[in-house]
Each structure stands twice: as C-alpha cells, then as structure tokens.
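Below: one structure, written as structure tokens.
The values are calculated or read from the model by the stated rules, or taken from the named source; none is laboratory data. For clarity, every value in this text was computed on a predicted model and none was experimentally measured. Neighbour counts are summed over all protein chains in view; Cβ atoms, including those assigned to glycine, are modelled from backbone coordinates with ideal geometry. Calculation scope for accessible area: heavy atoms of the full protein, side chains included, ligands and nucleic acids excluded. Shrake-Rupley method; radii C 1.70, N 1.55, O 1.52, S 1.80 Å.
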Amino acid sequence: MKLYKSVLKKTEEYNYKKGITRITTDCSAYKACKVLYYLSFIWFMVFHGLYILSNTTAFFFYEAAAKNIHKELFITSIIVLIFMVAGIVFVKKKWHIPAFAVTLVSGVAQITVLNGNDNVSLAFLEHGFLSNKFFWYHHAPIILLNLFVLIQFAIGIIAKIQLKRDYNRTLANMFAAYSENNPNVSDAEWTAHLEELDRKLEEKKEN
C-alpha cells in the first residue's frame with residue numbers, strides 16, 4: 001500500500017497535538033542497537049575471516065595442513081559469511097524481517113556446526129566459558145548479533161504496526177472531511193486528490 005506524504009504529515013501533526021508518543025526506528029534504543037550490531041559484526045568478521053583465510057591458505061598451499069580442515073565447518077563458514085554480509089545490508093536498509101531471518105539462520109547454522117567440531121565445541125568447557133577462546137571468537141559475537149537484530153526487529157515491527165494504525169485513522173478522517181464537500185466521490189477521484197496534496201507538499205518544500 002502506498003503511503004502518501006500528505007497523510008503521513010497530518011498523522012504526525014495529529015499525534016503531536018494529542019501528545020501521542022510512538023516508538024520509531026529513530027528512537028535512541030533502535031539507534032544504539034544498530035551501532036552495537038555493527039560492532040558485533042566487526043568482532044564476528046575479524047575471527048570468522050581469519051578462520052576462512054587460514055583454512056583457504058592451507059587448502060591451496062599446505063597439503064599436510066589441508067588434511068586437518070573440517071570441511072563441513074569450512075563450507076558452512078563461507079555460506080554464513082555471505083548470509084551475514086546480506087544481513088548487515090538488510091539492517092542498513094531497515095528490512096527487519098529478512099535481516100532477522102538471515103542472521104538467525106546463519107548464526108544457528110554456524111554454532112551447530114561449531115559444536116560438532118571437537119576443537120571448538122563448547123562441550124569440553126571444564127572451567128567455564130570465560131576461559132574458552134573459541135566462545136569469544138565465534139559464539140559470543142553470533143549471540144550478540146542475534147540479540148541486537150532481534151531488538152531492531154521488534155522495534156521495527158511495532159513501529160510499522162503503530163504507523164499503519166495511525167495512518168489509516170488519519171486517512172479515514174481525511175476521506176470523511178473530503179466527502180462532505182464531494183459526495184459520492186470515486187476511488188479514482190480520491191486518489192487524484194491525495195496525489196495533488198502530495199504534489200503541493202513537494203512544491204512547498206522546494207520553495
């Protein structure tokens with residue numbers, strides 16, 4: 001559904017006059033989670049990239065070391081890398097559902113395969129996770145990525161639901177007011193009226 005700028009403007013004006021506060025993707029909590037997501041992504045990419053780089057080097061140049069490569073983990077890590085890059089692009093564009101989906105799926109896949117590897121599995125933690133370097137290299141950033149993208153997802157969905165509800169209320173009020181002077185208005189006429197309001201709003205901004 002197309003959102004008309006003139007209707008959005010009147011929605012904002014109505015909420016301001018009534019003192020109605022809505023959660024939006026411009027709120028401090030959302031922005032903070034976005035920054036923390038980026039930082040977690042950098043943390044994840046440093047160690048994830050080093051793992052892929054070292055194993056790629058071993059695979060092509062060191063035959064003895066190549067035999068020790070955990071192929072399932074290596075392949076999964078490359079796929080996860082692609083998914084995580086896609087995830088940060090979705091976060092940047094505020095596409096909350098695909099951002100949450102790819103981050104969650106890739107994170108779960110990576111941790112699942114990691115835990116199947118005796119060298120990095122959390123199963124052998126005898127002195128707690130604080131002493132396990134693999135937890136800090138891989139598990140911790142993945143957990144944080146999923147946490148922060150989940151919060152962004154929740155805020156984004158709530159904001160969208162609230163905006164849609166307020167927008168529809170404003171649109172209905174505008175239609176009722178317009179119908180008083182233009183009875184039996186058709187859908188085409190109403191759409192043309194909204195387009196005209198948007199055009200005038202754009203002209204006002206330019207001037």
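Does F148 satisfy the condition of being of a type outside the set (V, I, T), within 23 Å of the chain's Cα centre (by Cα) and open to solvent by 40 Å² or more (accessible area, probe 1.4 Å)? In short, no.
Residue by residue, here is whether (1) farther than 30 Å from M174 by Cβ; (2) modelled with pLDDT under 90; (3) open to solvent by less than 30 Å² (accessible area, probe 1.4 Å); (4) part of a helix (DSSP H, G or I) holds:
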| residue | (1), (2), (3), (4) |
| --- | --- |
| I23 | no, yes, no, no |
| D26 | no, yes, no, no |
| K31 | yes, no, no, yes |
| V35 | yes, no, no, yes |
| L39 | yes, no, no, yes |
| I52 | yes, yes, yes, yes |
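Being closer than 26 Å to C33 by Cα, among the aromatic types (F, W, Y) and either modelled with pLDDT of 85 or more or open to solvent by less than 90 Å² (accessible area, probe 1.4 Å) (or both) is the requirement here; does F134 meet it? So F134 passes the test. Of all residues in the range 5-21, those that are part of a loop (DSSP other than H, G, I, E, B) and within 13 Å of D166 (Cα to Cα) total 2.
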